[in-house]
Amino acid sequence: MKQSAGILMIALFLASCETEDVYVPEGNNGNNPLVFYSLTTDKDTLRGGEIAKITARATGYTLSFAWSATAGTILGSGNEVNYAACSCQSGKNIITCTVTDRSNNSESREVSIFVH
Amino acid sequence: MFIRYIFIFLLAATVFTDHTIAQCFSSANPVGGSDNLLVLDKRSLRLITFYRYNYGNQFYEGNERSDFDLIRSANYNYIGTLIGYGLFNKLTMEADLGYFINKTYTYNLDPPYPLSGSGFSSSVLSVKYGLIKNNEKRFFISSSLGAKIPFSTKPVTRDGVELPVELQPSIGAFGLVFQIFMVKEKSLTGSRYFLTSRLDVNSENKQEYKLGASLFSSIYYSKHLMFPWLKGDWTIILQIRDEIRQKDRKTTGWIESTGSNILYFSPQLNLFIKEKLNVSLMVDVPVYKYLNGTQLATKYGISLNLSRDFRL
């Protein structure tokens, strides 16, 4: 008897939950569009072999970060990486970060580091 | 007997040609070693499989040790296959394919940070022609021309990060390979002398990066070991090899810390099993290095080769 009452109560509870159809505009999460705020480095000048921290600030829905550099090496992954300057190319080295959200919207930014 | 010794040399030559990571320890001209010495008989198939390990942990500036220590150590493991087919008695077709199991740099951070790439290196398809074949004087010359074909023109990435050039399995560019081989045999003493030269020229890849041209030249001395106490069919091969690499280039200009001249001493021991299978072990030791700028140098390399001929 008690068991039946319990089951009945659960059934009534579930029936009373309201579901709402939420419209998500095609191309992004309606509440969290992709915004790439900034790409910054803690050092804008390096000697070969030195390391700088590079931070990407972005908001959006399920973001992924892709990194590349014209010279040197990106160490790590995600929104914050280390950049190791190589001795192979002095001058302005450009680091590029591309942020992509779940809907495949993407945005890129660059930051320069001078290597001598 | 002679063909077998050419075979042994083939093993020696195959692996020396650079699987080193560019420009010294990086991916410069990761050639597949298409050094199938001389031409094969018509309808003969030659199959070679090899493994190579390379290690380095010291930077050089010019010919002196550097205190630059961004990278603690570097190594790679590479496996490759070379297939040769005798189309006619003076013409052989060759295909050279390989795969980097890993190319790893360990960066000197706290804690140490390893970064690895892997993948197929460029293949080389070539045609070899027998220029001179003097059986009486036991003197032979052949030459080959080949095309270097990248497996992919897209750089390899790991966790969203594009790997540096040095850790790419292939530079992703096309190129040409020209080789010449000379062999002189002294049958009475069971010894042979070989002289080879290989020129690689590369095009620019999609990232506008162009590997410098390279010229590898080698002198070999091969001696069949004929001691009464020695069981099996053993040969020792001593190689001195000079590798000259031009600097790499981008549209912005020459890339510093690329380009080098390195002299190697590479002893090799070969065992011919049941007149069918060749097993060979080779060690690469650089005896002189001159590296432009600051570069990570190879400390040593080890190769193991298996090869066999088939008559079709």
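Within straight-line reach of residue A:43, meaning a Cα separation under 16 Å, sit the following aspartates and glutamates at least 8 residues removed in sequence or on another chain: A:80, A:110. Simple spin-label estimate for residue B:99 and residue B:275 gives 3.5 nm between the two label positions (7 Å along the Cα-to-Cβ direction from each Cα).
Between residue B:153 and residue B:217, the simple spin-label model (points 7 angstrom out along Cα→Cβ) gives 3.5 nm.
Shielding of peptide A:66-74 by partners, expressed as the average count of other chain Cβ atoms within 10 Å per residue Cβ, is 6. Counting only protein heavy atoms and using a 1.4 Å probe, the accessible area of residue A:44 comes to about 110 Å². Centre-to-centre separation between the Cα atoms of the range B:251-279 and those of the range B:94-117: 18 Å. Can you list the lysines whose alpha carbon is less than 16 Å from that of residue B:128, not counting same-chain residues fewer than 8 positions off? Within reach: B:42, B:90, B:148. Which angle between 0 and 90 degrees, to the nearest 10, do you get for helix B:2-16 versus the longest principal axis of chain B when only C-alpha atoms count? It is inclined by approximately 0 degrees.
Note that the range B:57-67 has calculated 3J(HN,Hα) couplings of 8, 9, 8, 10, 10, x, 10, 10, 4, 10, 8 Hz, one per residue in order, obtained from phi through the Karplus relation 6.51 cos²θ - 1.76 cosθ + 1.60 (θ = phi - 60°); glycine and proline are x. The string of couplings for the range B:229-234 from the Karplus curve (6.51, -1.76, 1.60, θ = phi - 60°) is 7, 8, 8, x, 9, 10 Hz, one whole number per residue in order, with x for Gly and Pro. Near residue A:78, the amide H atoms lying under 5 Å from its own belong to A:65; only residues 5 or more places off or on other chains count, and H is placed 1.01 Å from N. Between amide H atoms placed 1.01 Å from N, distances below 5 Å from residue A:43 occur with A:53, all of them 5 or more places distant or on a separate chain.
Between the amide H of residue B:259 and those of B:248, distances stay under 5 Å, these residues lying 5 or more places away or on another chain, with hydrogens modeled in the peptide plane. Coupling constants for the range B:90-102 follow from the phi torsions by the Karplus curve (6.51 cos²θ - 1.76 cosθ + 1.60, θ = phi - 60°), and in residue order they are 10, 9, 10, 9, 9, 10, 10, 10, x, 9, 7, 5, 7 Hz; glycine and proline get x. Ranking B:181, B:265, B:214 by Cα position along the charge dipole of the range B:166-294, where only Lys, Arg, Asp and Glu carry charges on their C-beta atoms, puts B:181 farthest toward the positive end. Remark on chain B: ratio of C-alpha radius of gyration to 2.2 N^0.38 Å is 0.99.
The values are calculated or read from the model by the stated rules, or taken from the named source; none is laboratory data. These figures come from a predicted structure and were not determined experimentally. A quick note on method: Cβ atoms are made from the backbone with ideal geometry, for glycine too, and the neighbour counts reach across all protein chains shown. Heavy atoms of the whole protein, side chains included, go into the accessibility calculation; ligands, DNA and RNA do not. Shrake-Rupley method; radii C 1.70, N 1.55, O 1.52, S 1.80 Å.
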